[in-house]
Amino acid sequence: MKKKHFNRIAAAALASAMLMSSANAVFAADDSAATGKVIFSFDFEDGDVSAFCNRGENDTTELSAADEGGIDGKYLLASGRSKEWNGPAFRLDDKLEPYTEYYISAKVKGKYYTNVTLSNQFDNADGVTKYNNLLQNISQQNYPTEDGWVTIPPTKISFTDEMKNVYVYFEGGTDDLFIDDFTITEVPSVEIEQDIPGLKDVFVNDFKVGTALTPAALSSKPTMDIVEKHFSGSITAGNEMKPDAVLDKAACQAYFEETGDDTVPQITFGAAKPLLNYCQKNNIPVRIHTLVWHSQTPDWFFKVGYADDGEWVDKETMLARMENYIKAYFEELIKLYPDIDFYACDVVNEAWNDQGAPRNPGEQGDHGSNNSAWVQVFGDNSFIEPAFTFARKYAPEGCKLYYNDFNEYMDGKLNAIVEMATDLKAKGVIDGIGMQSHLDARQSLDSSFPSVNMYNKALDKYAELGLDIQITELDATTPENPTDADFKVQADYYKGIWDSIYAHKDSISAVIVWGVTDDGSWRAKKYPLLFDADYKAKPAFHSIIEGHDVPISTNPPKTTESPVTTTTTGDTLYGDANCDGKVEIADATLILQFLTNKDEYSLTTQGMKNADVSGNGDGVTAQDALTIQQVDAGIYKASDLPINK
């Protein structure tokens, strides 16, 4: 692949351009929804509510059109609700297209200011019904209004063709709910930046670069375009291959009732099939995440007869369940997807607390609990070794086995991991350490946690083990409501962390960024990723490729002619912003400086004409600077300018 050394001045200039646009990312949904194609819109003025239904025979909700207290006339009244999950539902898969993104918006009100949740229900590929909360805590308290009606901001929803009986519905409390101005809008198509290097290509000779996905992402063309360009070195399922998604409670209980054997858990990959089908079709390697974990493993898995209120099973029963679960997990994957390269697996996840001790025994409770049902049954972390032993026995050929954890740079946890891994390595059952790397870029590099130095020392420690390292869930948050300065700190912090990773590349086989765009992140309020909600590369992206060889283009250049060949139209030399008779990076830099601070940097009248090279008719913009940088890189030649002439 042809490459050109990335110009540091250009990198800094382009990062500055991104700083100017990143702060507007949060408004993308509202702006797009306003201009997107409206598919359905209900104001209920005609009194017709037949497009909506309650949620089955056990839902006591009664739906009608009412006008007392409405916004401007009639609205949908959901009364008679006896359970929090009761509420009005609208079916999507019989009216809308799969693999297409839509915005749902509406106005809602609870009779007594009820906290409302907008949710999604569907049957997966195995016919198992699943539920997602799309937007929670929709209330007068969180969205203050004068009349009590709350406007739900445009909220994305989509589905794949494996999903059936797809509904969006309103729930929460048991009081009456009022719904008005319910609208479904198709999300407008967005083109991603094709004129920046693919991240996976920049580091193709160093380590895999990948990301985490959920099935919903498959419906977003720009998201998947970014995945294809930057992250197709590896895919991790965000939740769909974790224990709570794979263990089939009803099937487990049915098998136990039929056979009397409660040591053979039943599993399903119905939730993961859309993602795995995509990876199989596109020949993308997959990281398995995760087998044995205290969190997102249901407590019934540890109970007699798989009953919620059952007694805890004994250690021997749990060992048998663990082995049969791991065996079934791998055998089913190999049977369903023999052509996928399952190259890595997080066998055990987050077993140590920050002080380096096992978690507390007890029921899991809320996500993130310090309690572990594994410790409840085993008394300590002695379940770790058999988990790796069983994984080694049943994993597909070539699948390396990892211990994975967060805060993996904290001394107590780090030392516990090193001691554990040393023992497992001696027994031949572990291949590597997964460093989650959920990091925090704060107001300054000095206050960011962990510090780059602290992270680098952890890498040193793990590398000394002689085991492989994978960065498995990388993200780095900003403060909430970030400023341009915060994005600059984030970029500098990402660069420091990535430089440490690159310095250890001989020990690192994969770097997985935990998500694609900020708005889809589990930490969305703190903008932790490399691409913003408008699918644009952030300063952090440009910072981590600075100084590295980057591919110019996957296609041959248009011509071998020198990229600075001059072409004029009258007195206009397109690209020559500083009017020195040449087209070069200095011109791109001047444009960006001019756009940032017109009082300090200026363009002459002729320079303004020369600088308008994108041909979009929108005057001098950051796109013109980027186009000139592409001339310097050889993607265009100067005679091509303006590019849209």
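For segment 106-160, the candidate set comprises residues that are of a type in the set (D, E, K, R) and closer than 28 Å to E68 by Cα; within that set, the residue that is modelled with the lowest pLDDT is E146. Specify the residue that is nearest to the chain's Cα centre (by Cα); the eligible residues are those in segment 513-529 that are over 18 Å from Q443 (Cα atoms) and either open to solvent by 70 Å² or more (accessible area, probe 1.4 Å) or among the aliphatic types (A, V, I, L, M) (or both). Checking each candidate, the answer is V516.
Within segment 256-292, being part of a loop (DSSP other than H, G, I, E, B) and over 14 Å from L213 (Cβ atoms) holds for G260, D261, D262, T263, V264, P265, Q266, T268, F269, G270, N283.
Run down T214, T223 and say which single residue is surrounded by fewer than 21 Cβ atoms within 10 Å (Cβ to Cβ) and within 14 Å of G520 (Cα to Cα).
On the way: T223 fails: surrounded by fewer than 21 Cβ atoms within 10 Å (Cβ to Cβ).
Going through T214, T223 in turn, just one is surrounded by fewer than 21 Cβ atoms within 10 Å (Cβ to Cβ) and within 14 Å of G520 (Cα to Cα): T214.
Does segment 297-339 hold any residues that are of a type in the set (K, R) and open to solvent by 10 Å² or more (accessible area, probe 1.4 Å), and which are they? Answer for segment 297-339, where residues must be of a type in the set (K, R) and open to solvent by 10 Å² or more (accessible area, probe 1.4 Å): K315, K327, K335. For segment 480-494, indicate whether the set of residues that are open to solvent by less than 20 Å² (accessible area, probe 1.4 Å), within 20 Å of N205 (Cα to Cα) and under 22 Å from the mean Cα position of the chain (by Cα) is non-empty. No, because not a single residue in segment 480-494 is open to solvent by less than 20 Å² (accessible area, probe 1.4 Å), within 20 Å of N205 (Cα to Cα) and under 22 Å from the mean Cα position of the chain (by Cα). The sole residue among Y502, Y455 that is more than 22 Å from the chain's Cα centre (by Cα), open to solvent by 60 Å² or more (accessible area, probe 1.4 Å) and hydroxyl-bearing (S, T, Y) is Y502. Restricting attention to segment 169-182, the residues being open to solvent by 20 Å² or more (accessible area, probe 1.4 Å), in a strand (DSSP E or B) and farther than 30 Å from A245 by Cβ number 2. Only residues that are over 21 Å from the mean Cα position of the chain (by Cα) and assigned to a helix (DSSP H, G or I) were counted in segment 183-201, giving 0.
Scanning segment 99-117 for residues that are in contact with a helix residue (DSSP H, G or I) (Cβ under 7 Å, 6 or more places away or on another chain), surrounded by fewer than 23 Cβ atoms within 10 Å (Cβ to Cβ) and not in a loop (DSSP other than H, G, I, E, B) gives a single hit, S105. Only a single item in (1) within 23 Å of I340 (Cβ to Cβ); (2) in contact (Cβ under 8 Å) with a residue 12 or more places away in the chain; (3) assigned to a loop (DSSP other than H, G, I, E, B) is not met by G356, and it is number (1). Scanning segment 594-607 for residues that are at pLDDT below 80 and open to solvent by less than 60 Å² (accessible area, probe 1.4 Å) yields a total of 3.
For segment 620-634, the set of residues classified as over 33 Å from the mean Cα position of the chain (by Cα) and at pLDDT 80 or above consists of V620 only.
Quick check on this structure: which one of G198, G148 is touching a residue at least 12 places away in the same chain (Cβ under 8 Å) and closer than 30 Å to D43 by Cα?
From the options G198, G148, the qualifying one is G148.
Looking across segment 60-69 at every residue that is at pLDDT 95 or above and either aromatic (F, W, Y) or in a loop (DSSP other than H, G, I, E, B) (or both), the one that is least open to solvent (accessible area, probe 1.4 Å) is identified as T61.
For (1) in contact with a Gly (Cβ under 8 Å, 6 or more places away or on another chain); (2) open to solvent by less than 20 Å² (accessible area, probe 1.4 Å); (3) under 23 Å from N132 (Cα atoms), each residue gets a yes or a no:
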position	(1), (2), (3)
V227	no, yes, no
T236	yes, yes, yes
D244	no, no, yes
F256	yes, no, no
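Looking across segment 409-435, the residues that are open to solvent by less than 10 Å² (accessible area, probe 1.4 Å) and in contact with a Ser or Thr (Cβ under 8 Å, 6 or more places away or on another chain) come down to G432, G434, M435. Within segment 117-133, residues that are within 29 Å of K107 (Cβ to Cβ) reach partners that are open to solvent by 50 Å² or more (accessible area, probe 1.4 Å) and modelled with pLDDT under 85 with beta carbons closer than 9 Å, at six or more positions or on different chains, in the pairs T117/N137. Just checking, which of F342, F406, F388, F449 is buried (at least 16 other Cβ atoms within 10 Å of the Cβ), within 30 Å of the chain's Cα centre (by Cα), farther than 22 Å from I326 by Cα and of a type in the set (F, W, Y)? Being buried (at least 16 other Cβ atoms within 10 Å of the Cβ), within 30 Å of the chain's Cα centre (by Cα), farther than 22 Å from I326 by Cα and of a type in the set (F, W, Y) holds for just one of F342, F406, F388, F449, which is F406. A count restricted to segment 70-98 and to residues that are surrounded by fewer than 20 Cβ atoms within 10 Å (Cβ to Cβ) and under 21 Å from T183 (Cβ atoms) stands at 10.
The values are calculated or read from the model by the stated rules, or taken from the named source; none is laboratory data. Just so you know, these numbers come straight off a predicted model, no measurement behind them. Heads up, the Cβs are rebuilt from the backbone with ideal geometry, glycines too, and the neighbour counts pull from every protein chain shown. When the accessible area is computed, the model is the full protein with side chains, heavy atoms only, and any ligands, DNA or RNA have been set aside. Shrake-Rupley method; radii C 1.70, N 1.55, O 1.52, S 1.80 Å.
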